[in-house]
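A short write-up of the structure that comes next.
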Amino acid sequence: MSDALLSLTDVVKYFPVQTGHLRRSRDMVHAVDGVSFEVRRGETLGLVGETGCGKSTLARCISRLFELTSGQIIFDGRDISRLRPRQLRPLRREMQMIFQDPYGSLNPKRRVGSIIGDPFAIHGTASGAERKRRVQEAMELVGLNPEHYNRFPSEFSGGQRQRIGVARALALRPKLIICDEPVSALDVSIQAQIINLLSDLQDQLDLTYVFIAHDLSVVRHVSDRVALMYLGKVVEIAPAEELYQHPRHPYANALLSAVPIPDPIAAAKRERIVLVGDVPSPVHPPSGCNFHPRCPKAQDRCVVEEPSLLPRFDDDELHATACHFPVADGEDLSEARPAIGVEHRIVEPDTAGAPTGLGVSVAHGSPGSPESPEPVERRRS
Ligand code: SF4
């Protein structure tokens, strides 16, 4: 049997944008745009990126809550890309999700025992006293008092509610759990408890996780490998420590420069790279490398040719980067300047009300000197 529990090949998910009186769809939101990777049994793959980069949409494609526009998903040796709702039912036992919002994901009018018991009822695997026994077992497993079986979600704290979500996901002993920002809505001290709980459960139950987050420190702590997404695509994927020590993509470098470091002396010396502009609209993503309007290293080739996700320099085959001009170890990205025309760079609103977004661009950086744009701001963190 293959070591890969989950394998994605060129997964694409577009959403139509309905406009006008007749709600006709002329444009598409390119939410996920050709994502390929594998997740091995027993590992945790961290999926990171800014809000709107497509990571949560990808999670819903993997769990087949969304139909794919194209591409293929193999789960446990079986092609699940085109399964119909009835055929998906057995899959739901083996693949579960933990959601971000421990408040919104639990029905406040139902008792906890009934919420956690849902998977048993839906799949008809246990009823009556047997269901109660298994629910209480799941509650104990995640550190909840089984005596609180009849309580309502409002009687629990935020961390305890997330434990209820974990217990519900674990009820049927799935092989894969997709954790969609499971700790972002929690206090920092509670985040650590939930992360430690997930880690202990992984060892105990031989679970495989896809862990989605926008906090790079959290992802580093929990992941064996990390995939970084930008505008619907994976731009870099590597073993966690390798990515944090040797980031190759300029976007990865910029994000990592903003991660707090505990050493105040090192933090004072470090220069933070702040990219100009916002993420472009996924309705009309930029040509070539979709990061080129914001990239301090962009060159003409980047505007026309999309880079492949490949190992760069002498990186191991597990470390792949989608960049024509990756960042070498020790390279100072804050010294880089884009060598593309101003019309290809990101647009910032100007005082004359120039439009923002794609297709139109003005120089950004040193005010009034478009010939010598400052691609990045340098800040002491
Ligand atoms: Fe994209 Fe070019 Fe920048 Fe690499 S150097 S991230 S290919 S724009």
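The values are calculated or read from the model by the stated rules, or taken from the named source; none is laboratory data. Just so you know, these numbers come straight off a predicted model, no measurement behind them. When we count neighbours, we look across all protein chains shown, and the Cβ atoms used for this are built from the backbone with ideal geometry, even at glycine.
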Any chance Val303 is farther than 22 Å from Asp215 by Cβ, surrounded by fewer than 23 Cβ atoms within 10 Å (Cβ to Cβ) and either within 12 Å of the ligand (Cβ to nearest atom) or not polar (S, T, N, Q) (or both): yes
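Residue-wise test of (1) closer than 22 Å to Glu38 by Cβ; (2) modelled with pLDDT of 95 or more.
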site	(1), (2)
Asn150	no, no
Ala171	no, no
Ile177	yes, no
Ser189	no, no
Ile195	no, no
Val226	yes, yes
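Pull up the stretch 326-336, narrow it to residues that are of a type in the set (A, V, I, L, M, F, W, C) and crowded, with 18+ Cβ neighbours inside 10 Å, then point me to the one that is farthest from the ligand (Cβ to nearest atom). Spell out how you get there, then give the answer.
The initial filter retains those residues of the stretch 326-336 that are of a type in the set (A, V, I, L, M, F, W, C), namely 327-328, 333, 336.
Next, only the ones that are crowded, with 18+ Cβ neighbours inside 10 Å stay: 327, 333, 336.
Details: Val327: 9, Leu333: 10, Ala336: 9 Å.
The qualifying residue farthest from the ligand (Cβ to nearest atom) is Leu333.
Can you spot a residue in the stretch 21-35 that is of a type in the set (A, V, I, L, M), farther than 23 Å from His284 by Cβ and not in a strand (DSSP E or B)?
Restricting attention to the stretch 21-35, the residues satisfying the condition of being of a type in the set (A, V, I, L, M) are 22, 28-29, 31-32, 35.
Now drop any that are not farther than 23 Å from His284 by Cβ, which leaves none.
The answer is no, given that none of the residues of the stretch 21-35 is of a type in the set (A, V, I, L, M), farther than 23 Å from His284 by Cβ and not in a strand (DSSP E or B).
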Hits in the stretch 134-193 - residues which are charged (D, E, K, R) and within 23 Å of Phe211 (Cβ to Cβ): Arg161, Arg163, Arg168, Arg173, Lys175, Asp180, Glu181, Asp187
Single match in Gly71, Gly159 (criterion: at pLDDT below 90 and closer than 30 Å to Arg40 by Cβ): Gly159
For Tyr251: the one exception among (1) crowded, with 19+ Cβ neighbours inside 10 Å; (2) assigned to a helix (DSSP H, G or I); (3) away from the ligand (no atom under 16 Å from the Cβ): (3)
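Only one residue in Ser308, Ser287, Ser257 is more than 21 Å from Asp215 (Cα to Cα) and surrounded by 14 or more Cβ atoms within 10 Å (Cβ to Cβ). Which one?
On the way: Ser308 fails: surrounded by 14 or more Cβ atoms within 10 Å (Cβ to Cβ); Ser257 fails: more than 21 Å from Asp215 (Cα to Cα).
When all the criteria are applied, what remains is Ser287.
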Residues satisfying the stated conditions in the stretch 185-229, i.e. in contact with a Cys (Cβ under 9 Å, 6 or more places away or on another chain) and in a helix (DSSP H, G or I): Leu198, Val222
Members of the stretch 255-292 that are in a helix (DSSP H, G or I), closer than 17 Å to Glu335 by Cα and not charged (D, E, K, R): Leu255, Leu256
From Ser70, Ser56, Ser105, residue being in contact with a strand residue (DSSP E or B) (Cβ under 6 Å, 6 or more places away or on another chain) and surrounded by 14 or more Cβ atoms within 10 Å (Cβ to Cβ): Ser56
Qualifying residue in the stretch 105-124 (condition: at pLDDT below 90, over 25 Å from Leu45 (Cβ atoms) and among the hydroxyl-bearing types (Ser, Thr, Tyr)): no
Residues being in a helix (DSSP H, G or I) and either within 16 Å of the ligand (Cβ to nearest atom) or surrounded by 20 or more Cβ atoms within 10 Å (Cβ to Cβ) (or both) - total across the stretch 235-248: 1
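Report yes if Asn253 is polar (S, T, N, Q) and either closer than 25 Å to Phe37 by Cβ or within 18 Å of the chain's Cα centre (by Cα) (or both), otherwise no.
Values: polar (S, T, N, Q): yes; either closer than 25 Å to Phe37 by Cβ or within 18 Å of the chain's Cα centre (by Cα) (or both): yes.
Against the criterion (polar (S, T, N, Q) and either closer than 25 Å to Phe37 by Cβ or within 18 Å of the chain's Cα centre (by Cα) (or both)), Asn253 qualifies.
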Criterion (in a helix (DSSP H, G or I), under 25 Å from Ile194 (Cα atoms) and either in contact with a Lys or Arg (Cβ under 8 Å, 6 or more places away or on another chain) or of a type outside the set (D, E, K, R) (or both)) met by exactly one of Gly165, Gly104: Gly165
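Would you tally the residues in the stretch 132-189 being among the polar types (S, T, N, Q) and crowded, with 18+ Cβ neighbours inside 10 Å?
Looking only at the stretch 132-189, we keep the residues that are among the polar types (S, T, N, Q), and these are 136, 145, 150, 154, 157, 160, 162, 184, 189.
Next cut, crowded, with 18+ Cβ neighbours inside 10 Å only: 136, 160, 162.
Number of matching residues: 3.
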Which listed residue, of Leu201, Leu255, is at pLDDT below 95 and closer than 22 Å to Asp3 by Cα: Leu201
